[in-house]
Structure formats: C-alpha cells, structure tokens
1. Which residue pairs have Cβ atoms closer than 6 Å, lie 6 or more positions apart in sequence or on different chains, and pair a first residue in the stretch 143-154 that is over 15 Å from residue 30 (Cβ atoms) and of a type in the set (Gly, Ala, Ser) with a second residue that is in a helix (DSSP H, G or I) and modelled with pLDDT of 80 or more?
2. Is there any pair with a first residue in the stretch 173-186 that is at pLDDT 80 or above and a second that is in a helix (DSSP H, G or I) and surrounded by 15 or more Cβ atoms within 10 Å (Cβ to Cβ) whose Cβ atoms are under 6 Å apart and which are 6 or more apart or on different chains, and what are they?
3. Would you be able to say whether some residue in the stretch 65-74 is of a type in the set (Val, Ile, Thr), surrounded by fewer than 20 Cβ atoms within 10 Å (Cβ to Cβ), modelled with pLDDT of 75 or more and part of a helix (DSSP H, G or I)?
Amino acid sequence: MEDEDLQMIEAVLQGNQPAFQQLVERYQHFVFTIALRIVKSREEAEEVAQDVFLKVYKTLGQFEKKSKFSTWLYTVAWRTSIDQARRKQILTDSIDDEEGAFWQIATPDETPLQAVQHSDLQQQLQQAIQQLRPDDAALITLYYLNEKSVKEIADITGLTETNIKTKLYRTRELLREYLDAQLQEEIKDML
C-alpha cells in the first residue's frame, strides 16, 4: 500500500486531482476516527478531517518520505484534532451510534445470538472509550483499531515510545475497570 501511496503522491504533485481523491478515500475513515476520539463531536470531527486533508494537499510537496505517508497523515490529523480541542476548550461527550460501525468485525460463522452478544460488547467498549480522556482514547484507537505500532504512534504524537507504552497500559487498565464495573451492574440488574 505504501508504494501505491507514493505513486499517488507523485501523481498529485504533477497535478492529478483524482489521485488526491483516492488518497482521501483511502484514509478518510481513519482521519475521521482520530478526530472523533479527540474532539468527541461528529460535526467537529468532520470539520477537522476536512482541515486535515486541506493541510495535506497544501503541504504534500513537503512530505519527505522519511516515514510512511499514513504516519505523516495521522500526525497531521492528531495535531489538527488536538488544536481544535484546545480551541474549543469544552469537549462534548456525544458520539452517534453510526460511528460504532467501525468496531464491528464481520464473522461469517456467527450465530444470531453471537452477533447480538458481539454487538453488545462493541457498544460497551464504545461507552468505555468515551469515558477516557480524548488523547487516551485516540491512542487506543491508533493502536488497536488502526493497528499502528508504538513507533508509528510516537512519530504521530511526538510522545516517546516508553510514554506511549505506559499510557496504553494505564488506559487498558482503566477500560478493564470500567468494563468490570459495567458487568457488575448488569449482573445486579439481572438478579
């Protein structure tokens, strides 16, 4: 995929607009997800994603190819999202159910009961992530959903690899505690 990205970048730099559209289509969901985790508002995340792609388009000639294009793009998305959150100061806690769709992993062998259980687990996980600080939620998203390595996340965020590992460990513990508490509540409700 990286070779395709580099070919599309070269095409864009030579004036091929459809090549940039292909880059946008390839990465728009990931950029939106990062933005949503940080700004926590669908509308703001859409604005941030547009800003990110506008910045990328304007500065594409400055991409030095020292890292993957996706890492560079996520860095722009991360910083733009953080800047937006700082400007806004008040973060909302709403995320539409539609955004939960990226959590759902289709498994053809699932029975209807398993599908319902899987959906319930996804919803609980989504609620747990919403309880996190925006930057912690973004780290979890980058690591688990976007499958970025710790090194790539360090390149994106500017944090050290040790700091990221520590934050991921602590965030996983927070998620576990929240989900354990949620499970205990469900058990009480059933009794």
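1. Close Cβ pairs satisfying both conditions: 154/161; 154/164.
2. From residues that are at pLDDT 80 or above, the pairs are 175/128; 178/128; 179/128.
3. yes
The values are calculated or read from the model by the stated rules, or taken from the named source; none is laboratory data. Predicted, not measured: the structure shown is a model, and the values here were computed from it. Here the Cβ is made from the backbone with ideal geometry for all residues, glycine too, and neighbour counts use every protein chain on show.
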